[in-house]
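Engineer: Below is the structure I would like to discuss, written out as structure tokens.
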Amino acid sequence: MEYKPKGRRPAAPANREKLPAGIRRGENRRIYVDFQERFLDGTAFRRTKDFDPEALKVALNFLARAKAEFARGNGVGEPETQDGVLTVAAWCEHCLTVAMPAQKNGKSPKYSDESLVNFRQVVQSNIVPRIGKIRIDELTKAAVADLISALPSDEARAKTLYVLTRVMELAESKGKRKKGTNPCKGVSPNQIRRPDRAKTRPSNWREEPA
């Protein structure tokens with residue numbers, strides 16, 4: 001048997017392009033992104049798109065967004081509880097990190113990343129400090145009305161009521177509250193807390209006779 005000395009493998013061409021998994025070049029050097037994964041519940045996740053040959057940076061950004069979307073989950077799983085008690089604060093956190101990012105309008109996300117950031121600010125500033133410790137299934141319309149009326153501006157009231165309404169809709173759809181029990185329904189964002197007249201009257205106040 002003829003001995004053939006072991007030699008090094010031929011070096012790859014110096015101009016050979018290294019692309020991450022999920023990206024390849026096809027005909028005419030067009031760039032194709034095909035990111036495929038599967039969630040723990042078995043649901044398939046796939047994002048595909050093709051780009052012009054010079055648009056590698058754009059394609060890489062698309063792949064990064066696809067990976068981030070997959071990492072956020074598809075709305076499955078259970079929120080964290082304390083001693084088995086699901087609070088408004090814990091449910092809001094679950095909605096912002098799991099449920100809301102997975103919602104779709106057709107093939108597009110229902111909420112943009114910017115919207116989710118704004119929602120989180122509303123939750124942390126207005127909702128959690130006031131009603132965060134209430135059990136999700138014990139939040140009442142009166143508590144929501146008190147929360148909204150106590151906020152300092154029309155903008156804060158409108159944004160807070162919008163976010164809380166969406167969160168409570170998810171609580172119903174995910175079985176955390178009974179259907180038709182959304183405590184935000186019927187609460188107006190224009191509702192402003194009015195001072196108790198009896199507490200604001202001077203000590204020498206006398207009612208005029210009718």
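Engineer: Using per-residue counts of other Cβ atoms within 10 Å, averaged over each peptide, order 46-53, 78-85 from highest down.
Structural biologist: 46-53, 78-85
Engineer: Provide the per-residue ³J(HN,Hα) series for the stretch 133-143, in order, calculated from phi with Karplus coefficients 6.51, -1.76, 1.60 and θ = phi - 60°, each as a whole number of Hz, with x at glycine and proline positions.
Structural biologist: For the stretch 133-143, the Karplus-derived couplings read 8, 6, 4, 4, 8, 10, 5, 10, 4, 4, 5 Hz, x marking Gly and Pro.
Engineer: Quick check: at a probe of 1.4 Å, how many percent of the accessible area of the stretch 86-193 sits on carbon and sulfur atoms? Write down the numbers at each step before the final one.
Structural biologist: Details: 2790 of 5590 Å².
Heavy-atom surface of the stretch 86-193 belonging to carbon and sulfur, 1.4 Å probe: 50 percent.
Engineer: Give me the net charge of Ile31's neighbourhood, meaning all other residues with Cβ under 12 Å from the Cβ of Ile31; Lys, Arg count +1, Asp, Glu -1.
Structural biologist: Overall, the nearby charge balance is 0.
Engineer: So if each residue of separation counts as 0.36 nm, and I subtract the Cα-Cα distance between Lys49 and Asn105, what length gain in nm does that give?
Structural biologist: Difference between extended and current length: 18.3 nm.
Engineer: Can you tell which of Leu164, Gly180, Asn190 lies farthest toward the positive end of the dipole of the stretch 86-193, using +1 and -1 charges on the Cβ of basic and acidic side chains (Lys, Arg; Asp, Glu)?
Structural biologist: Gly180
Engineer: May I ask you to evaluate 6.51 cos²θ - 1.76 cosθ + 1.60, the Karplus curve with θ = phi - 60°, for each residue of the stretch 122-132 and list the ³J(HN,Hα) values in order in whole Hz, giving x for glycine and proline?
Structural biologist: 4, 4, 5, 8, 10, 8, 4, x, 9, 10, x
Engineer: Moving on to the next point. What is the Cα coordinate range of the stretch 86-193 on the first, second and third principal axes, sorted by size from largest, in whole angstrom?
Structural biologist: 41, 28, 22
Engineer: Could you derive backbone 3J(HN,Hα) for the stretch 23-38 from the dihedral phi with the Karplus parameters 6.51, -1.76 and 1.60 (θ = phi - 60°), listing whole Hz in sequence and x where the residue is Gly or Pro?
Structural biologist: 10, 8, 9, x, 4, 6, 6, 5, 9, 10, 9, 9, 9, 10, 8, 9
Engineer: Say the cut-off is 24 Å between C-alpha atoms; which of Lys107/Lys185; Lys107/Lys159; Lys49/Lys174; Lys104/Lys174; Lys67/Lys179; Lys133/Lys179 go over it?
Structural biologist: Table pairs above 24 Å Cα-Cα are Lys107/Lys185; Lys107/Lys159; Lys49/Lys174; Lys67/Lys179.
The values are calculated or read from the model by the stated rules, or taken from the named source; none is laboratory data. Everything quoted here is computed from the prediction, not taken from an experiment. Counting neighbours? That spans all protein chains shown, and the Cβs are built from the backbone with ideal geometry, glycine included. With ligands, DNA and RNA removed, areas are computed over all heavy atoms of the protein, side chains included. Shrake-Rupley method; radii C 1.70, N 1.55, O 1.52, S 1.80 Å.
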